[in-house]
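> For reference, the structure I am asking about is given below.
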Amino acid sequence: MMKWLARACLIVATGAASGQNMGPESFQSVYSLRDVALDADPRTAFWQGAKPVYAEVDSQGIPVPGYRTEVRSRWTTENLYLLFVCPYEELHLKPSPDTVKETNELWKWDVAELFIGSDFQTIKRYKEFEVSPQGEWIDLDINLALPHHESGWTWNSGFEVAARIDRDSHIWYGAMRIPFKSIDERAPVAGNVFRANLFRSQGPPEHRQAIAWRAPMSNTFHTPERFGRLELVK
């Protein structure tokens, strides 16, 4: 118990000083002059330059403090970066992970997810990006107007991931680098805003925990009416 409390305090302390003082429906991605090698270490200068937000409620908006997930974001003229810092109790991992090819139905296992869309008129169209603790990945082109849109998972954004597990601290880290051309027709500039939400699925099926930034208030993460906003800032 003392070890678990110490981990929780460390996570809170890491983001407290530089956390985002914004409304609960918005978070900021901070500009970086240049792209960097993708890593999953929150101590690097690149990630320290971001302002954290927290996914810390379940699907119905009830706080889940044991799983409070820190998320940081940066952007460049080419890419959007995200880092997830994910405390866990028990990992649910896919056997024989494939980190080279896309893993369909990765959401059945432990993952961190970004849902993001640039079209504020057609909110049922957006993209989904997932990374697992083992570095598996999947990207999806979502169109809720076509519920049997089977080609969604075969879409290829060209995004990259990095991940690592700290088993001593019971925290895993997952990073994403997403080409802007895969999510927006606009050139990336400060002030651009996206519809977005952040999620995690954690633990084995018998006690699986959903974790969200903006609670969907439903039994599915795919509730675009509940998405918040991600803003590019300098």
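The values are calculated or read from the model by the stated rules, or taken from the named source; none is laboratory data. As the structure is a prediction and not an experimental result, all values here were calculated from the model. Glycine gets a Cβ as well: all are built from the backbone with ideal geometry, and neighbour counts include every protein chain shown. Just so you know, the surface numbers come from the protein's heavy atoms only, side chains and all, with ligands and any DNA or RNA stripped out. Shrake-Rupley method; radii C 1.70, N 1.55, O 1.52, S 1.80 Å.
> Residues in the range 166-183: is at least one in a loop (DSSP other than H, G, I, E, B) and within 22 Å of Pro224 (Cα to Cα)?
Taking every residue of the range 166-183 in turn, at least one turns out to be in a loop (DSSP other than H, G, I, E, B) and within 22 Å of Pro224 (Cα to Cα).
> Return the only residue of Arg200, Arg195, Arg167, Arg214 being at pLDDT 95 or above, basic (Lys, Arg) and either open to solvent by 40 Å² or more (accessible area, probe 1.4 Å) or over 30 Å from Gln60 (Cβ atoms) (or both).
Just a single option satisfies the conditions, and that option is Arg167.
> Just one of Phe221, Phe129 is open to solvent by 20 Å² or more (accessible area, probe 1.4 Å) and either under 19 Å from Ala55 (Cβ atoms) or not in a strand (DSSP E or B) (or both); which is it?
Only one candidate qualifies: Phe221.
> Looking at the range 61-76 only, could you name the residues that are among the β-branched types (Val, Ile, Thr) and either on the phi > 0 side of the Ramachandran plot or part of a strand (DSSP E or B) (or both)?
Once the filter is applied, which keeps residues that are among the β-branched types (Val, Ile, Thr) and either on the phi > 0 side of the Ramachandran plot or part of a strand (DSSP E or B) (or both), the range 61-76 yields Thr69, Val71.
> Output the residues belonging to the range 27-70 that are farther than 25 Å from Glu185 by Cβ, open to solvent by less than 20 Å² (accessible area, probe 1.4 Å) and under 13 Å from the mean Cα position of the chain (by Cα).
The answer is Ala40, Pro52, Val53, Ala55, Thr69, Glu70.
> Now for a different question. Just give me the residues in the range 224-233 being among the aliphatic types (A, V, I, L, M) and open to solvent by 10 Å² or more (accessible area, probe 1.4 Å), in sequence order.
Within the range 224-233, just Val233 meets the criteria.
> So, in the range 146-165, how many residues would count as being assigned to a loop (DSSP other than H, G, I, E, B) and either touching a Gly at 6+ places or on another chain (Cβ under 6 Å) or farther than 19 Å from Arg74 by Cβ (or both)?
6
> Determine whether the range 141-161 contains at least one residue that is farther than 30 Å from Gly66 by Cα, acidic (Asp, Glu) and surrounded by 14 or more Cβ atoms within 10 Å (Cβ to Cβ).
The answer is yes; a qualifying residue exists.
> Which residues, counting only those in the range 77-89, are part of a loop (DSSP other than H, G, I, E, B) and in contact with a His (Cβ under 8 Å, 6 or more places away or on another chain)?
Residues satisfying the conditions are Tyr88, Glu89.
> Taking the stated definitions as given, is Pro87 crowded, with 16+ Cβ neighbours inside 10 Å, within 15 Å of Ala55 (Cα to Cα) and over 12 Å from the mean Cα position of the chain (by Cα)?
yes
> Hey, can you tell me all the residues within the range 154-180 that are touching a residue at least 60 places away in the same chain (Cβ under 8 Å), of a type outside the set (Gly, Ala, Ser) and farther than 20 Å from Trp109 by Cβ?
Arg177, Ile178, Pro179, Phe180
> Please enumerate the residues belonging to the range 91-108 that are open to solvent by less than 90 Å² (accessible area, probe 1.4 Å) and either touching a residue at least 60 places away in the same chain (Cβ under 8 Å) or assigned to a loop (DSSP other than H, G, I, E, B) (or both).
Leu91, His92, Leu93, Lys94, Pro95, Pro97, Asp98, Thr99, Glu102, Thr103, Asn104, Glu105
> Right, something else. Condition test on Glu136, is it of a type in the set (Asp, Glu), open to solvent by 20 Å² or more (accessible area, probe 1.4 Å) and under 30 Å from Pro65 (Cα atoms)?
In short, no.
> Can you name the number of the only condition in (1) touching a Lys or Arg at 6+ places or on another chain (Cβ under 7 Å); (2) modelled with pLDDT of 95 or more; (3) more than 25 Å from Val53 (Cα to Cα) that Ser96 fails?
Of everything listed in (1) touching a Lys or Arg at 6+ places or on another chain (Cβ under 7 Å); (2) modelled with pLDDT of 95 or more; (3) more than 25 Å from Val53 (Cα to Cα), Ser96 misses just condition (1).
> Do we find a residue being of a type in the set (D, E, K, R) and modelled with pLDDT of 50 or more anywhere in the range 3-14?
No - not one qualifying residue is present in the range 3-14.
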